[in-house]
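Engineer: One structure is given below, represented as structure tokens, and several questions about it will come after.
The values are calculated or read from the model by the stated rules, or taken from the named source; none is laboratory data. Owing to the predicted nature of the structure, the values given are computational and were not obtained by experimental measurement. Note that each Cβ is placed from the backbone with ideal geometry, even for glycine, and that neighbours are counted across all protein chains shown. Note: areas computed on protein heavy atoms with side chains; ligands, DNA, RNA excluded. Shrake-Rupley method; radii C 1.70, N 1.55, O 1.52, S 1.80 Å.
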Amino acid sequence: MLSAFARAFQTPDLRKKLLFTLGIMVLFRAGAHIPVPGVNFVAVNQCLQDKPGGLFALVNLFSGNALLQLTIFALGIMPYITASIILQLLTVVIPRLEALKKEGQAGTAKITQYTRYLTIALAVLQGTGIVATASSGALFSGCAYADQVVPDQSVFRIATMVITMTAGTTVIMWLGELITDRGIGNGMSILIFTSIAAGFPGSMWAIKQSGTIGGGWVEFFAVIAVGIVVVGLVIFVEQAQRRIPVQYAKRMIGRKAFGGTSTYIPLKVNQAGVIPVIFASSLLYIPALVVQLTNSQAGWATWIRTNFVKGDHPVYMITYFVLIVFFAFFYVAISFNPEEVADNMKKYGGFIPGIRAGRPTAEYLNYVLTRITWPGSLYLGLIALIPMIALVAFGQQTNFPFGGTSVLIVVGVGLETVKQIESQLQQRNYEGFLR
């Protein structure tokens, strides 16, 4: 990987793309430290030191710790991720969106435009919710300075804060598209990678400072060792795939013969990626968020506070694991359609050796996909439970940097970016058949 980066910097056009991408990443991180107008930054820092907010940990993770600091990039890339997931789910339900998806580049551009509009709408909604939560003091529940975070709660000031956060989300979208067009890799993925990786050094140092064995260095190196093992496991599983061979029959069109080639359908073990973890985390945050906003003292609210707020509770961990497994199967079912793949293969004269074309092929693909989704979903659940195990072992859930979601995203984006760099290097260094 390091040799690929070294050779990329030796290539002029690739060096420009890499430097442009790094510049956008620096600009993105700079915006994550500029507070929204109307926020008492001293009170925010005091609350972060006294009682870090754990309820909004997922959104805070994707914003690079900008959410709980109430900066202009507080919403981060989360509205865009939510909008993309919603559009992807609606594509299966709404025939118009499904038809646009089949139109190729023009249809994809139209869906992307819809995603932008939905992102802005979600940013307004989420920004209003975050500002209202901060104004009521619920964002830093238990902090003595929570009611001083937003001193001026007039309509004009609240509207200014919401508009600023929405504009910040729009700028993040634009920066991500700039990286995609003029830089290296997928822009949105790179920005998510930047947000998560930016918190690693601070989390590691916090573990060292709070450690008790050998001045904290034993815990520090133990977490590094665990991180190396987890990253190795994630890389191994993320690269694992089941290759289903496909043979295309020869076809004569005029005097030319087409087809007769062999290829394969790559089915990844973790076909759903990190989406099931995001779905499960978001769903588990809803009950705790309702209790926090309503401040109810009823029996159901007490039960939720006992079982669904602290991540080390067995009920929380079991529910989290079951939801991840469920959403892994759910997302794979809507993102990979065996019948559509079988119809396309039959249309172009392709078949799986030993399997009849048409319905038997779809049934075989569905059988294989179900078999490999089981280990993939169990792997996702185990990786996601790592921060909760760390809470029991080290008491470091809020500082543990190698959580399931963060490692999955960082490793996935890193592998994809390195592959793109290597492919572009091969294109530029290809000598051809004739020298």
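Engineer: Inside the stretch 21-45, can you point out the residues that are open to solvent by less than 50 Å² (accessible area, probe 1.4 Å), over 30 Å from S136 (Cα atoms) and not polar (S, T, N, Q)?
Structural biologist: G23, I24, M25
Engineer: If I ask for residues that are free of Cβ contacts under 8 Å to residues at least 60 places away in the same chain, surrounded by 16 or more Cβ atoms within 10 Å (Cβ to Cβ) and polar (S, T, N, Q), which ones from the stretch 355-376 would you list?
Structural biologist: T361, N366
Yes/no per residue for (1) at pLDDT below 75; (2) surrounded by fewer than 17 Cβ atoms within 10 Å (Cβ to Cβ); (3) not small (G, A, S):
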| site | (1), (2), (3) |
| --- | --- |
| G259 | yes, yes, no |
| K268 | no, no, yes |
| P276 | no, no, yes |
| F279 | no, no, yes |
| N295 | yes, yes, yes |
| W300 | no, yes, yes |
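Engineer: Does D312 meet the test of being modelled with pLDDT under 75, surrounded by 14 or more Cβ atoms within 10 Å (Cβ to Cβ) and among the acidic types (D, E)? Spell out how you get there, then give the answer.
Structural biologist: Numbers: modelled with pLDDT under 75: yes; surrounded by 14 or more Cβ atoms within 10 Å (Cβ to Cβ): yes; among the acidic types (D, E): yes.
Yes.
Engineer: Of the conditions (1) at pLDDT below 90; (2) under 24 Å from I24 (Cβ atoms), Y117 fails just one. Which one is it?
Structural biologist: (1)
Engineer: From the list G76, G127, exactly one residue is in contact (Cβ under 8 Å) with a residue 12 or more places away in the chain, touching a Phe, Trp or Tyr at 6+ places or on another chain (Cβ under 8 Å) and within 21 Å of G176 (Cβ to Cβ). Which is it?
Structural biologist: Answer to the selection: G76.
Engineer: Against the condition in contact with a Lys or Arg (Cβ under 9 Å, 6 or more places away or on another chain), more than 19 Å from L284 (Cα to Cα) and not charged (D, E, K, R), how does A333 come out, does it pass? Steps first, answer last, please.
Structural biologist: Details: in contact with a Lys or Arg (Cβ under 9 Å, 6 or more places away or on another chain): no; more than 19 Å from L284 (Cα to Cα): yes; not charged (D, E, K, R): yes.
No: the conditions fail for A333.
Engineer: So which residues in the stretch 100-131 are out of contact with any helix residue (DSSP H, G or I) (no Cβ under 7 Å at 6 or more places or on another chain) and basic (K, R), if there are any at all?
Structural biologist: The one that is out of contact with any helix residue (DSSP H, G or I) (no Cβ under 7 Å at 6 or more places or on another chain) and basic (K, R): K102.
Engineer: Restrict the check to the stretch 81-90 and report whether at least one residue is at pLDDT below 75, in a helix (DSSP H, G or I) and either open to solvent by 10 Å² or more (accessible area, probe 1.4 Å) or charged (D, E, K, R) (or both).
Structural biologist: Checked the stretch 81-90: no residue is at pLDDT below 75, in a helix (DSSP H, G or I) and either open to solvent by 10 Å² or more (accessible area, probe 1.4 Å) or charged (D, E, K, R) (or both).
Engineer: Go through the residues of the stretch 330-346 one by one and say whether even a single one is touching a Gly at 6+ places or on another chain (Cβ under 8 Å), surrounded by 15 or more Cβ atoms within 10 Å (Cβ to Cβ) and more than 30 Å from S262 (Cα to Cα).
Structural biologist: Within the stretch 330-346 (the criterion being touching a Gly at 6+ places or on another chain (Cβ under 8 Å), surrounded by 15 or more Cβ atoms within 10 Å (Cβ to Cβ) and more than 30 Å from S262 (Cα to Cα)), the answer is no, since none of the residues qualifies.
Engineer: Applying the selection to the stretch 133-169, what residues are among the hydrophobic types (A, V, I, L, M, F, W, C) and buried (at least 17 other Cβ atoms within 10 Å of the Cβ)?
Structural biologist: The answer is A134, A138, L139, F140, C143, A146, V149, V150, I158, M161, V162, M165.
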